[in-house]
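What follows is calculated from the coordinates using simple rules that are stated; it is not laboratory data. Just so it is clear, the structure is predicted and the values come from calculations on it, not from any experiment. We place every Cβ from the backbone using ideal geometry, glycine too, and count neighbours over all the protein chains shown.
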Amino acid sequence: MTYKNFTIETDADGIALVTWDMPDKSMNVFTEEVMNEIDAIVDQVVSDAAVKGVVFTSGKSTFSGGADLTMIRSMFSLLQEEQAKNPDTAMQKLFDVAGRMNWLWRKIETCGKPWVSAINGVCMGGAFELSLACHGRVASNAKSVKLALPEVKVGIFPGAGGTQRVARLANTQDALQMMTTGQTLTPSRAKAMNLVHQVVEPDQLIPAAKQMIKDGLKPVAPWDEKGFKVPGGGIWTPAAAQLWPAAPAILRRETAGNYPGALAILKCVYEGLQVPFDTGLKIEQRYFTQVLRSTEAFSMIRSLFISMQELGKGARRPAGVEKKKLEKIGVVGAGFMGASIAYVSAAAGIAVSLIDRDDEAAAKGKAVSEKLVADSVAKGRMSKEDGEKLLSLITPTADYSTLSDVSLVVEAVFEDRQVKKDVIEKVEAVLPETAIFASNTSTLPITGLAKNSKRPKQFIGVHFFSPVEKMMLTEVIVGEETGDEALAVALDYVSQIKKTPIVVNDTRGFYVNRCVFRYINEAYDMLIEGVPATMIENAAKMAGMPVGPLSLNDEVAVDLSQKIMKASIADLGEASVKPEHMALVNKLVDELDRRGRKNGKGFYEYPAKPAKKFLWPGLKDLYPQKPASQVDVNVLKQRLLVTIALEAARTVEESIVTDPREADVGSILGFGFAPYTGGTLSYIDGMGVKTFVALCEKLAADYGDHFKPTPLLLDMAAKGETFYSRFNPYGAEQKAA
Ligand code: NAD
């Protein structure tokens, strides 16, 4: 038989080498068709007496990334369609679909012939679960080999036997830790956890896998043998009696109970280890179906898996402009941001002319890359040669004529209109006609800056977030005159440096900072009302934010907030900033010199390491304090999330953000907006616009007009719309996921 996605070669020893190599994809993923073919392959090898065993591997440099997003989308569409017709059959159908992979892998495991998975590259999700169902697992020791069950990160959990097999192979604590965090394992760590049998040199992978079969590998999983014992003894042991009462508490500390997928892992393992294996799989299938139906899973999969991939692949790139591979760029301003922008660009193989006011300042910028490379080499994350190659791509200089052959310049000089104007003129004097000028400004509208340019069509904003090496998001800002070519090149650049772009129209603060300042402002309001600062910070964490608003303000710098507030007053008038907020910030900065982490004191105190930062006790004396018992923590949580989501809705209403995927992905990658919600707009859609409007009205009555629902929201509520239906990113002809 022939297959579209697999080849089978049986050698003289009767070992069938099944190679997975999807013809039309760069990475192997599970689709309906792939699963059907695997099903047929199992039948074929079982019925072929000449086949003694199977080695399963990939023909690509990676093993597999797991499920295909179109399969997941169609699963949700199916559920929605069926649910409208008959909720009971919808449940049954979802249950069956959700269990397909689970039982197919079980079919491999119980087919009677030995299967060995030969893992030659990244092996994620369902692919790792397939490997766990094989009787033997051999991994190559190449650096590129990584194994993980990362499903929890998109709101679900390993639902193809992962929870049952990992918990029967590894010790329970390691198993729970790995699956509830979605941790990535190196081959040696996977071996230490008993999840792979052998780790070998890449060229030994297939021979070693075949050898396992030749050595008489039994086609029976350990848990199908009589007398099988769970590592560590299972649930009813003294060690388990210590572990299990603590496990839900630890999970709650880490997730504040916001992630049903993570909790389901605990339930599957706890319940599954007490029953026979097949019953364990059924338990997993039930919880998996239940979690799949949750708003959290739906929203997280949509934003963190589907939308993120779509945006990364250039969903917003204008059609009709040829894709560009950037060979050389200029970065002007080798300070805090510019130095790191040069680093990430060189890391992507792009040559960089790194310019500052003099050679010394430019060299200081390159020194940042030198340190980053030295650290990576020392930690074994980068080879010495790769490090040298990266550094050789960065040329520090004060000479603007080095920009005569670049296709893009990223400007990251001081946040000062006059300085930027001078730099734009100097750069444009030498820049090739076709090249694009991108400003990294965080506060100055792009349309205004472009007025200094002779070719505003080629002028755009590319807004990075700090630390640039770690933050995956870049905001691309389209000014009034920015042309398609500039947008396309900016997106090509962002994709080349492997960041996720969101495209927004021009406005003060763009998208991300507008939302972030709402978050911080709400915390100012709370402080002024006398809410204890610890409650504000803890409520934010409980709401799912990675960093409390006061801590975040310290990171951003309190004097930067002051500067931005003063600029708003200057440009937009006194009413643009609450006087109480201005007074609070002025007091902290001007009177108390509390500027944030950078000077070791802000809302927090920063004692010398290893001591941890703590909230500045003096905050209590700034405003009369309310007793904690008079503060409803749930209302604090709502206020913090609602104020951000409302701002996101306003940006849509003002056509700053035009695609809900960008609002959602931008909010999670930009400032960690409660990921379980799927992002700012999914948070609103998830509870329903009508409910959100009612919540806003209640908060507005209690805490001020800034919570008043906007005309767009009122209209959507009246019409029963969601953001994804009204602003459907896939066009009217196609349903959004
Ligand atoms: P910085 O002060 O650390 O660096 C600015 C650099 O520009 C300095 O090295 C300075 O010598 C150089 N410079 C000044 N005038 C110059 C000129 N005429 N020619 C060449 N070089 C010149 O500032 P930064 O924090 O890196 O910010 C740079 C830009 O990035 C600003 O527009 C800022 O708003 C924006 N930004 C900053 C952050 C952040 O977190 N700091 C985040 C996003 C965007």
> Once the mean 1/r over all distinct Cα pairs of segment 112-220 is inverted, what Kirkwood radius in angstroms do you read off?
Replying inline: 13.8
> Which residues in segment 16-57 have a backbone N closer than 16 Å to a point placed 7 Å from the Cα of Lys323 along the Cα-to-Cβ line?
Replying inline: 24-27
>> At 0.36 nm per residue, and after removing the present C-alpha to C-alpha distance, how many nm does the segment from Leu391 to Gln92 gain when stretched out fully?
In response: 101.9 nm
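Go ahead and estimate [θ] at 222 nm for the chain from helices alone: -39,500 (n - 2.57) per DSSP H run with n ≥ 4, summed, over the residue count, rounded to 500.
Computed mean residue ellipticity for the chain: -15000 deg cm²/dmol.
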> Can you work out the FRET efficiency for the pair Ser655 and Lys708, with r the C-beta to C-beta distance and R0 = 25 Å, to the nearest 0.05?
Replying inline: 0.80
> Restricting attention to segment 209-279, which chymotrypsin sites (Phe, Trp or Tyr not before Pro) occupy a DSSP loop and are surrounded by at most 14 other Cβ atoms within 10 Å?
Replying inline: Phe228, Trp236
>> Give me Ile72, Ile528 sorted ascending by neighbouring Cβ count inside 10 Å, so fewest comes first.
In response: Ile528, Ile72
>> Modelling each spin label as a point 7 Å along the Cα-to-Cβ direction, I'd like the Glu9/Ile528 distance in nm, to one decimal.
In response: 7.3
> Can you sort Ser495, Ser576 by how many other beta carbons sit within 10 Å, fewest first?
Replying inline: Ser576, Ser495
>> Taking just the alpha carbons, could you work out the radius of gyration and Dmax for segment 6-293, both in angstroms?
In response: 18.6, 57
> In segment 1-108, how does Rg compare with the Kirkwood Rh, expressed as the Rg/Rh ratio over alpha carbon atoms?
Replying inline: 1.06
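Calculate how many DSSP beta bridges within the chain are antiparallel, expressed in % of all such bridges and rounded to the nearest 5.
Details: 15 of 61 bridges.
Once the DSSP bridges in the chain are tallied, antiparallel ones form about 25 percent.
Among the chymotrypsin sites (Phe, Trp or Tyr not before Pro) in segment 405-506, which ones are in a DSSP loop with at most 14 other Cβ atoms within 10 Å of the Cβ? Mind listing them?
Passing both the DSSP loop test and the Cβ count: Phe414.
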>> Test of understanding: extend the Cα→C-beta vector of Lys578 to 7 Å, then name every residue of segment 541-563 with backbone N under 15 Å from that spot.
In response: 549-550
>> For the pair Asp359/Val220, report the inter-label distance in nm, with labels modelled 7 Å from Cα in the Cβ direction.
In response: 7.6
> Rounded to the nearest 0.05, what FRET efficiency is calculated for Asp21 and Tyr730 with R0 set to 35 Å and r the Cβ-Cβ distance?
Replying inline: 0.75
>> Multiplying the sequence separation of Ile569 and Gln418 by 0.36 nm and subtracting their Cα-Cα distance, what value in nm do you get?
In response: 52.4 nm
> Roughly speaking, what is the stretch gain from Asn586 to Ala398, that is 0.36 nm per residue apart minus the C-alpha to C-alpha distance, in nm to one decimal?
Replying inline: 63.9 nm
> Dividing the alpha-carbon radius of gyration of segment 241-314 by 2.2 N^0.38 Å (N being the number of residues), what value is obtained?
Replying inline: 1.35
> When the gyration tensor of the chain is built from Cα positions, what are the square roots of 5 times its three eigenvalues, in whole Å, from largest to smallest?
Replying inline: 46, 33, 26
> Dividing the alpha-carbon Rg of segment 598-737 by 2.2 N^0.38 Å yields what?
Replying inline: 1.30
>> Under a crude label model (7 Å from the Cα following the beta-carbon direction), how far is Asp621 from Ala378 in nanometres?
In response: 4.1
> When all C-alpha to C-alpha distances in segment 523-637 are sorted into bins of 5 Å, what percent of pairs does each bin hold, rounded to whole numbers?
Replying inline: 2, 12, 20, 23, 20, 14, 7, 1, 0
> What net charge do the residues around Ala363 carry, taking every other residue with its C-beta under 10 Å from that of Ala363, with Lys and Arg at +1 and Asp and Glu at -1?
Replying inline: -3
> By counting other Cβ atoms within 10 Å of each Cβ, how are Cys111, Cys515 ranked from fewest to most?
Replying inline: Cys111, Cys515
>> List the GluC sites (Glu not before Pro) within segment 243-326 that DSSP assigns to loop and that have no more than 16 neighbouring Cβ atoms inside 10 Å.
In response: Glu322
> At 37 °C and 0.692 mPa s, what whole-number value in µm²/s does Stokes-Einstein give for the translational diffusion of segment 328-509, with Rh from the Kirkwood sum over Cα pairs?
Replying inline: 204
> What's the angle, to the nearest 10 degrees (0 to 90), between helix 512-529's Cα axis and the longest principal axis of the chain?
Replying inline: 70
>> What FRET efficiency comes out for Cys111 versus Lys457 if R0 is 60 angstrom and r is the Cβ-Cβ distance? Round to the nearest 0.05.
In response: 0.45
